[in-house]
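See below for the structure under consideration.
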Amino acid sequence: MYAKQYEITLPADYDMRIIRKRVADGGHMLDDRAGLGLKAYVIRERGVDGSPVNQYAPFYLWNDTGSMARFLVGGGGFQNIIRDFGRPAASHWTGIACHAGPARTAPPRAASRRLTPIPSDADPDGTGLGLSALIEREAEELQRLSRHDGVHTAALAVDPHHWQLLRFVLWADTSAPDEDATERYEVLHLSAPGLGDLPEGQDW
């Protein structure tokens with residue numbers, strides 16, 4: 001499993017109905033994309049749920065990195081983003097764990113993201129295993145969170161370049177009841193052709 005997200009921050013006075021129409025018209029295009037676990041078409045609107053910005057920020061979980069590469073640089077879809085918005089930075093993370101929640105069969109309406117830096121002193125005993133212990137704790141916390149009645153899917157991933165942990169959760173509720181979230185989103189559409197192929201539990 002591989003996670004990817006790009007964030008397109010829009011002007012403060014941008015009419016977000018443009019993005020809503022974009023997703024309504026074209027969101028179905030990846031509904032049957034081979035290699036894709038899920039794509040959540042998420043937005044933040046300035047002044048809504050504490051957001052300081054207008055933002056279109058699609059989030060992906062890929063089962064096949066070759067398919068992800070084709071999407072990004074092989075004419076598989078990302079060229080439309082480049083054409084309309086320029087080329088945003090695409091953040092990516094190696095998957096650690098994923099869980100189906102009790103609301104897996106309901107359409108998600110909200111999402112939460114938590115990005116946290118992994119401290120450089122995460123190995124207090126000098127064995128080199130401090131990072132592993134931290135990840136195990138985070139994976140256990142993800143599993144607990146995934147049992148919440150409103151959870152559709154919960155994922156944990158790591159960026160080993162910036163040493164950052166990502167927790168992304170899709171919710172059936174209209175708002176994301178995640179107290180630790182650093183960002184909250186509205187979900188406009190979910191393409192999930194390979195949802196059943198995403199790992200259940202820790203991805204190793």
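The values are calculated or read from the model by the stated rules, or taken from the named source; none is laboratory data. None of the values given here were measured: they were computed from a predicted structure. Counting neighbours? That spans all protein chains shown, and the Cβs are built from the backbone with ideal geometry, glycine included. Ligands, DNA and RNA are excluded from the accessible area calculation, which covers all protein heavy atoms including side chains. Shrake-Rupley method; radii C 1.70, N 1.55, O 1.52, S 1.80 Å.
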**Item:** GNM top mover of MET16, MET29, MET68 - the chain, alpha-carbon springs below 10 Å
**Value:** MET29
**Request:** Can you send over the solvent-accessible area of GLU186, 1.4 Å probe, protein chains only, in Å² to the nearest 10?
**Result:** 70
**Message:** With a 1.4 Å probe and all protein chains left in place, how much accessible area per residue does the stretch 20-86 have, in Å²?
**Reply:** 46
**Request:** Please report, in debye to the nearest 20, how large the charge dipole of the stretch 74-204 is about its Cα centre when each Lys and Arg carries +1 at its beta carbon and each Asp and Glu carries -1 there.
**Result:** 560
**Complete:** A chain fully extended from THR127 to GLU179 at 0.36 nm per residue, minus the present Cα-Cα distance, gains in nm 15.5 nm
**Prompt:** What percent does the relative contact order of the stretch 141-204 come to when contacts are Cα pairs within less than 8 Å and at least six residues apart?
**Reply:** 22
**Asked** Just how far, in whole angstrom, is the stretch 133-149 from the stretch 24-74 if you go by their alpha carbon centroids?
**Response** 24
**Complete:** The answer for chymotrypsin sites (Phe, Trp or Tyr not before Pro) in the stretch 103-197 that fall in a DSSP coil and have at most 15 neighbouring Cβ atoms within 10 Å is TRP163
**Asked** Hey, with R₀ at 25 Å, roughly what FRET efficiency would HIS28 and HIS148 work out to, going by the Cβ-Cβ distance, to 0.05?
**Response** 0.30
**Item:** Summed side-chain charge close to MET68 - residues other than MET68 whose Cβ falls under 12 Å, Lys, Arg +1, Asp, Glu -1
**Value:** +3
**Prompt:** How much solvent-accessible surface does ARG109 expose, in Å² to the nearest 10, with a 1.4 Å probe and all protein chains in place?
**Reply:** 130
**Request:** Compare the Cα positions of TRP204, THR174, GLY76 along the charge dipole of the chain (+1 at Cβ of Lys, Arg; -1 at Cβ of Asp, Glu; about the Cα centre) and return the one farthest towards the positive end.
**Result:** GLY76
**Asked** Normalised by the residues of the chain, what does the relative contact order come to in percent, with Cα pairs under 8 Å and at least six apart?
**Response** 32
**Message:** Using +1 at the C-beta of Lys and Arg and -1 at the C-beta of Asp and Glu, which of ALA12, LEU61, VAL48 has the Cα lying farthest in the positive direction of the dipole of the chain?
**Reply:** ALA12
**Request:** Once you've got the GNM for the chain with C-alpha springs shorter than 10 Å, pick whichever of VAL158, VAL73, VAL53 has the biggest mean-square fluctuation.
**Result:** VAL73
**Message:** With a 1.4 Å probe and all protein chains left in place, how much of the accessible area of the chain comes from carbon and sulfur atoms, in whole percent?
**Reply:** 50
**Asked** With the other protein chains left in place, how much accessible area per residue, in square angstrom, belongs to the stretch 124-204 at a 1.4 angstrom probe?
**Response** 52
**Prompt:** In nm, to one decimal, how far is the THR116 label point from the ALA69 one, both placed 7 Å along Cα→Cβ?
**Reply:** 3.3
**Item:** Projected label distance in nm at HIS162 and ASP197, using a 7 Å step from Cα toward the beta-carbon
**Value:** 2.8
**Asked** Which of these, GLY35, GLY128, GLY150, has the largest mean-square fluctuation under a Gaussian network model of the chain (Cα springs below 10 Å)?
**Response** GLY128
**Complete:** Once Lys and Arg are counted +1 and Asp and Glu -1 for all other residues with Cβ under 12 Å from that of LEU38, the total becomes +2
